[in-house]
Amino acid sequence: MSASRSVLLIIGGGIAAYKVLELIRRLKDRGIASRCILTKAGEQFVTPLSVSSLAGERCFTDLFSLTDEADIGHIQLSRSTDLLVVAPATADLIAKMANGHADDLASTALLATDKRVLIAPAMNPRMWQHPATRRNMAQLERDGILVVGPNSGAMAERGESGPGRMAEPPEILAAIELALAGEKPSTRAIGFLGRLPGRDHPPAGALAGRHVLITSGPTHEPIDPVRYIANRSSGKQGHAIAAAAAAAGARVTLVSGPVNLPDPPGVETVHVESAREMLAAVEGSLPADLAIFAAAVADWRVADAASEKMKKDGGKLPPLSLVENPDILATVAQRKNGRPGFVVGFAAETQNVIDYAKAKLARKGCDLIVANDVGGTGVMGGDANTVHLVTAEGIETWPTLPKEEVASRLVAHLARLLPAGG
Ligand code: CTP
């Protein structure tokens, strides 16, 4: 290869494989040579001929080809390059990498290499969010594998959308250039998810010996025994944070409003209905080292909830008067005695997300606000979240991530910020 920089491109079996043809062309434009391995599944989507025509050299497909072994061999193939790039990185290839399989040319090259590896995952959102894939990705991140994408959006399958679309060729190219420059990809760049090894997932025992208190879900404020006022909230984000904190070794108390979710394993879950019950349960669970208020608490309740079901009265509307609920976050954050060491609030906003979050941080007296833009997207009840971490020192914006991953990153982040001590 005459170019001074080269990548070994491993093309997996996914519909996104066709985009890799464009990537090869773009790499060439940038003076980066690509040598390609096409997996068996990849051959179902693009042909060795189209790959080799674009790359300008033969495309490797078979581990046991004697000529290849004599010519070059999989060890040399995986080392006579500057970077290995897996695109699309299917769930199967990711699982093989995480577990060290070497049963075809692609997985053998990945195991034999001494170079950095960048993957561009692409799969159905449910496969991406499956606990097995989460585990495998966590392993790859620990192994120092670089990751670009996936993006959220519509899938090839009709009616399916969510995280799982392979990053676009320009994003993959940008990630390749960063990796070739020896830089750790930034977590801040939009659409680019280069993870720093060990930073996105809390190290084992990161919260050992700590008590973490979390509120989650909506509250229900009764109008009468059958009707109530509530905010939209599935509790998915708060529950995921509780699970992540428990996985990091914390003793976790989860105060949950009414949700359709199982209690997270290893977490003491207190079930409440109303804001006042939530406040009482929170205060009863103190002291805590860290308190995270992810619940969507109803701001108002009915002043005099009826004890019997209210009957319709010939078109006359019931006189409902509202009173404000206690602000649980502000009450705890502003405690003189027994304030948790670190207090985190959430802000769901539909506009001016950052400005409102900054104001909320000061008004409520908490240490960090996780602000999310809920305008027009499927955040409420959805599986992904785009968040900004707002503190007095500044703002950090994360790419759109599955709620489990937001939870895991947040726990890793907070474990680093927590004041020392027990
Ligand atoms: N919160 C709380 N108790 C309340 C209201 C809110 O603990 N009665 C917490 C939420 O759990 C969240 C944060 O406060 O962590 C932000 O809540 P939000 O309802 O967005 O803020 P508000 O103070 O109601 O501000 P606004 O309605 O102006 O957006």
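So the values come out like this:
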| item | result |
| --- | --- |
| Selection of GluC sites (Glu not before Pro), segment 261-318, meeting DSSP coil and at most 16 other Cβ within 10 Å | GLU273, GLU308 |
| Nearest-ten-degree value, helix 169-180 long axis tilted from longest Cα axis of the chain | 80 |
| Choice from ASN136, ASN260, ASN385 showing the highest fluctuation, given a GNM over the chain with Cα pairs closer than 10 Å | ASN260 |
| Percent breakdown of C-alpha pair distances by 10 Å bin, ordered from the shortest bin, for segment 273-321 | 18, 37, 23, 15, 6, 1 |
| Helical contribution to [θ] at 222 nm, DSSP H n ≥ 4, -39,500 (n - 2.57), averaged over the chain, rounded to 500 | -9500 deg cm²/dmol |
| Average projection area in nm² (convex hull over Cα atoms of the chain, one quarter of hull surface) | 24.1 |
| log₁₀ of I(q)/I(0) at q = 0.10, 0.14 Å⁻¹ - segment 5-180, Debye sum with one point per alpha carbon | -0.33, -0.67 |
| Kirkwood-Stokes translational diffusion coefficient of segment 296-361, alpha-carbon pairs, 20 °C, 1.002 mPa s, µm²/s | 138 |
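Since every read-out is calculated from the coordinates, none of them should be taken as a lab result. Here the structure is a predicted model, which means the values were calculated and not measured. Positions of Cβ are backbone-derived with ideal geometry, glycine not excepted, and every protein chain shown enters the neighbour counts.
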